[in-house]
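Just below is one structure, and these are the notes that go with it.
The values are calculated or read from the model by the stated rules, or taken from the named source; none is laboratory data. Quick caveat, the model's predicted, so the values are computed rather than measured. As a convention, Cβ positions derive from the backbone with ideal geometry for all residues, glycine included, and neighbour counts pool all protein chains shown.
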């Protein structure tokens with residue numbers, strides 16, 4: 001498995017007067033896909049936090065290609081771009097289902113930290129999730 005997909009429908013509360021989604025919501029859609037990739041790896045934000053850890057975001061980017069409008073069905077694809085024992089980078093594509101147009105692309109970078117925000121080894125705390133993320137990344141690199 002190289003990518004994980006998440007389906008989103010643009011809600012009325014996410015659009016402005018012009019009828020297009022406000023740019024602030026794109027990172028929320030990236031985050032929904034990030035939750036899905038964690039779920040596919042057999043975990044959840046809640047489980048990670050209950051263990052005393054989290055994925056602290058350290059950077060994000062989003063490039064807008066075509067607008068998303070009210071009630072558009074979108075597919076958010078997330079892939080593992082890079083991984084170390086404490087840092088992971090995810091890349092995203094948002095595709096409008098009606099016409100398969102690329103709506104946005106982006107990347108988020110996260111550090112796996114303990115409750116005191118000190119970097120900690122994801123490989124040590126969550127070896128299964130780390131192995132699955134590593135496998136996804138390696139499959140992506142084979143495709144390149």
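Tabulated values for the structure
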item	result
Count of residues meeting criterion [assigned to a strand (DSSP E or B), under 11 Å from residue 52 (Cβ atoms) and free of Cβ contacts under 8 Å to residues at least 60 places away in the same chain] in the range 107-134	0
Subset of the range 73-99 [farther than 16 Å from residue 60 by Cβ and either surrounded by fewer than 16 Cβ atoms within 10 Å (Cβ to Cβ) or without any contact (Cβ under 8 Å) to a residue 60 or more places away in the chain (or both)]	73, 83, 84, 85, 86, 95, 96, 97, 98, 99
All positions within the range 58-72 that are part of a strand (DSSP E or B) and surrounded by 14 or more Cβ atoms within 10 Å (Cβ to Cβ)	60, 62, 64, 69
In the range 1-34, the residues that are out of contact with any strand residue (DSSP E or B) (no Cβ under 8 Å at 6 or more places or on another chain) and surrounded by fewer than 16 Cβ atoms within 10 Å (Cβ to Cβ)	1, 11, 12, 13, 16, 17, 18, 24, 28
Selected residue [at pLDDT below 95, surrounded by 13 or more Cβ atoms within 10 Å (Cβ to Cβ) and within 20 Å of residue 121 (Cβ to Cβ)] from 53, 45	45
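Let's see how each residue does on (1) closer than 18 Å to residue 133 by Cβ; (2) part of a helix (DSSP H, G or I); (3) in contact with a helix residue (DSSP H, G or I) (Cβ under 9 Å, 6 or more places away or on another chain):
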| site | (1), (2), (3) |
| --- | --- |
| 32 | yes, yes, no |
| 43 | yes, no, yes |
| 56 | yes, no, no |
| 76 | yes, no, yes |
| 81 | yes, no, yes |
